[in-house]
Amino acid sequence: MENHCHNPKSLGFTLIEMIIVVGILAITASIGMAVLDPVTQFQKANDARVKTDLSQIQKALEQFYEDNGRYPSINAVNDFRIKDTAGNVVVWGGPWHPYMNIVPKSPYSSSKYVYYSTSDGQAYYLYANLIRGADQNLCNDGEACQSLGQPDFPISTSCIALCNYGVSSQNVSP
């Protein structure tokens, strides 16, 4: 007759085996965190949103130009927001009918979007701050964008943070 009794020591894991498994899991998790780097991933996502937002605003500005023969004026030199045809200030995050249901605003609480148009309404500049310094589309190698022909435009501090990304009407460069 066979003995079907089990040795109680053969059941479960030993302490050494558990320590090895936990160590392997910890090493795998730390490698995964280093590869994924969630902070950088959030920054990339927000920077992509900034670019998309400015592209959408740019399309609305071009539609405004088609309708009015000029780009919208700005509220005041230090406010840097769009004014509609009635002279009302368009609020970032608010409506701008009929051009946008909601005008995007920066996803970063530490910065804002900046709009500037020339006094004749024939050119505009739209600026933002990208957090990641590694982006290939940054102005001036990541330094403040320069609005051509507007030396009195305090672009370096207008975004609250550094205005290092910009789009503009086709006849000027950010």
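Computed from the coordinates by the stated procedures, all read-outs in this text should not be read as laboratory data. Because the structure is a prediction, the values reported are computed rather than measured. Glycine also receives a Cβ, built like all others from the backbone with ideal geometry; neighbour counts cover every protein chain displayed.
Here is how the numbers come out for the structure above:
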quantity	calculated
HN-Hα J in Hz across the range 91-96 - Karplus 6.51, -1.76, 1.60, θ = phi - 60°, x for Gly and Pro	8, 4, x, x, x, 9
Gain on full stretching of the segment that runs from Phe42 to Ser173 - 0.36 nm per residue minus C-alpha separation	44.3 nm
Unit charges at the beta carbon, dipole of the range 44-168: most positive-side option, Asn140, Asn88, Gly69	Asn88
Two-site FRET efficiency, Asn101 against Lys59, from Cβ-Cβ distance with R₀ of 22 Å, rounded to 0.05	0.95
Surface/4 of the Cα convex hull for the range 44-168, nm²	7.1
Segment Asn88-Arg132, length gained on full extension (0.36 nm per residue, minus Cα span)	12.4 nm
Mean Cα-pair separation over length for the range 44-168, i.e. relative contact order, pairs under 8 Å, 6 or more apart, %	23
Order by protection proxy (mean Cβ within 10 Å, highest first), peptides 136-143, 164-171, 97-104, 15-22	164-171, 97-104, 136-143, 15-22
Peptides ranked, highest mean first, by Cβ atoms within 10 Å: ranges 125-132, 39-46, 66-73, 53-60	125-132, 53-60, 66-73, 39-46
